[in-house]
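Just so you know, all these numbers are worked out from the coordinates, no wet-lab data involved. Values in this document were obtained by computation on a predicted structure and should not be read as measured data. Cβ placement follows ideal geometry from the backbone for every residue including glycine, while neighbour counts extend to all protein chains displayed.
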Amino acid sequence: MRFKKIIRNFLIGKDKFIASRAEYKSAMLRAQMAVTTTLVCLVYVGIDWVNGITIFNYFYLLGVTVSVISILLNRKGHYQVTSVLLLVIANFLAYIFASNDTYRAGTYIFLIVCCLLALALFGYRYRPAALFFCLISATLFVMSYVYEIKIFILSPAQQAQVYGEEYVRITFITNFFIATVLCVLIFFFLLNINHHTEKEILLKNELLSKTNEELDRFVYSASHDLKAPLSSMRGLIEIAQRTDDPEEVKLCLGMMKTRINNLDDFILEIIDYSRNSRVEIKKEKFNLLDLVKEVVDSLRYADGFENIYFKLDVPVDLEVNSDRGRLKVVLNNLVGNSLKYNDANKEEKLVELKTSYQNNSLVIQVNDNGIGIAEEHQPKIFDMFYRATERSQGSGLGLYIAKETIEKLGGKISLTSKVGQGTNFSVAIPTLMN
C-alpha cells in the first residue's frame, strides 16, 4: 500500500487531490505512458547497442527528455498540455521509424497505439482533439507507407545495418510485444473507467431512491410534528382567552412554552439533517475532551440535569482530526437522550462518556443507567421518526441523524440496552488519531 502511494505521489504529485475519479485515472494513465515511453526508448537503446547501431540514439534521447518533461507537467496539473506533448512526440517518433521501416518490422502498429492513446487521454469530453490526433496518426501512416516520405534519410551503410535480417526480426518481436502491452493497458484503462462509472451510477440511483423514500416519510411525519404543537397552542390560546383565572392563564402559558421549545428542537434537528446531507465534510484538529465538555454544558438547563452525575473518561490530551460540527451533533443527540430517559426510580443517575481504540478506530461510548430500550424496539431505533417509548417528547429524528452523520464520517454506531438497566451507545470513527 505504501509502495502504491509512493508511485502515485511520483506520477501526479504528493497528496494531490483530484475530485473526479475519471480525471484521476487519466492523470495516472498520462504519467504511466510517459514512464513507459522512457522505458521503451531505453529498451531500443539496448537493442541497438547490442547490434552496433547508434544512428537513432538522438531520437531515443528526445523521447526520454519529452517524457520527463511530461511527468513534471502532469505533476503541476497541466493535464491537457501534457496530453498534447505526449501525443506529438509519440506520433513523431512512430513516423520517423515507420518511414525507415522495410514493412517487416511492424513499426506502423505504434500509430494505432497513438490513436488509442488519444482517445483514452482526451476522452469523450475533448473528442474533437482526440479525433484530430487520430487523423494525424492516419496521415503519418499514409505519408510513410504509401508515399514513403522521409525526413530522416539513412545512408547506404546505415541501411545495411538497419535492414539486416536479424535486426529486423528482433525489432519486429519487440514492436509486437510492446505495442500489445500498450494496447492492453489503454483498453484496461477504458474498461476500468467504464466499470467505475457504472458503479457510481448504480450507487447514485440507490441513494436517489433512498432519498425519495426518506423525503416522502419526512414530509408526512414533519407535517404532523409541526401541525400537532401548533394545534395544541391554538387550543391553549383559546382557553387562556376564555378564563379570568391568572393561575389557569399561567398554566396555559407554561404549556405553550413547552410546545414552542419542542418546535424549536424539531427545527434544529431538521437543520442538522439538512446540513449533514448537503454540506461537505470539514476536517479540523481539536481536543475531544473540550468538545465533550461543551456538549454537556449546552445541556445544563435540560430537565433533571442537576440530578445526574456525569463521568468523563476522556484523556485530557486526546487530539482528533475530524468534522467537529458533525461530531458535536452526534454527541449532543446521544447525551441528550441519556438525560431525557433517565430512571426516576434510581437514586444515583449516571451518564458516562469514555473513549478507546479498536481496529484503528476511535470508539466513543455514551453509557447511562436510565430506563433502557426494549429489545423489540432496538432494530428500528435508528429509523427516521421512530419513537421507542410513549415517554418520548422528541421528533424521532435524533438517532437517525446521529447514524447518518456517523456514516458520513465513515464510521458506525451501535447500541446495547436492557430495560431497567440502561443503554450503551458506541460510536466508532476511523483514523481520527494523529
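So which aspartates and glutamates can residue 5 reach, going by Cα to Cα under 13 Å and dropping same-chain residues fewer than 8 places off? Of all the aspartates and glutamates, those that pass the test against residue 5 - Cα under 13 Å, at least 8 places apart if same chain - are 15.
Using equal-weight Cα scatterers in the Debye expression, the normalised intensity of the chain in log10 at q = 0.07, 0.08 Å⁻¹ is -0.59, -0.68. Helix 21-50 axis versus longest C-alpha principal axis of the chain: approximately 30°, rounded to the nearest ten.
Counting helices only, and only those DSSP H runs with n ≥ 4, report the 222 nm mean residue ellipticity of the chain as the sum of -39,500 (n - 2.57) divided by its residues, in deg cm²/dmol to the nearest 500. Computed ellipticity for the chain at 222 nm equals -21500 deg cm²/dmol. Calculate how steeply helix 288-298 sits against the longest principal axis of the alpha-carbon atoms of the chain, using the helix alpha-carbon long axis, and give the answer as 0 to 90 degrees to the nearest 10. Approximately 40 degrees, to the nearest ten. A full extension of the chain between residue 375 and residue 190 corresponds to an added length of 61.6 nm, given 0.36 nm per residue minus the alpha carbon distance. The charge dipole of the stretch 283-434, taken about its Cα centre with unit charges on the Cβ atoms of Lys, Arg (+1), Asp and Glu (-1) only, comes to about 320 debye. Solvent-free Debye calculation, one equal scatterer per alpha-carbon of the stretch 2-207: log10 I(q)/I(0) at 0.15 Å⁻¹ equals -0.96.
FRET efficiency for the pair residue 21 and residue 68, taken as 1/(1 + (r/R0)^6) with r the Cβ-Cβ distance and R0 = 25 Å, rounds to 0.40. For the stretch 283-434, a Kirkwood radius taken over Cα pairs fed into Stokes-Einstein (10 °C, viscosity 1.306 mPa s) yields D = 101 µm²/s. Do any of 346/412; 311/408; 285/380; 210/403; 257/328; 25/76 go past 23 Å between their Cα atoms, and which? Among 346/412; 311/408; 285/380; 210/403; 257/328; 25/76, the Cα-Cα distance tops 23 Å for 346/412; 311/408; 285/380; 257/328. Here the chain is treated with +1 on each Lys and Arg Cβ and -1 on each Asp and Glu Cβ, and its dipole about the Cα centre works out to around 1480 debye.
Each label was represented as a point 7 Å from its Cα along the Cα-to-Cβ direction; for residue 55 and residue 138 these points are 3.2 nm apart.
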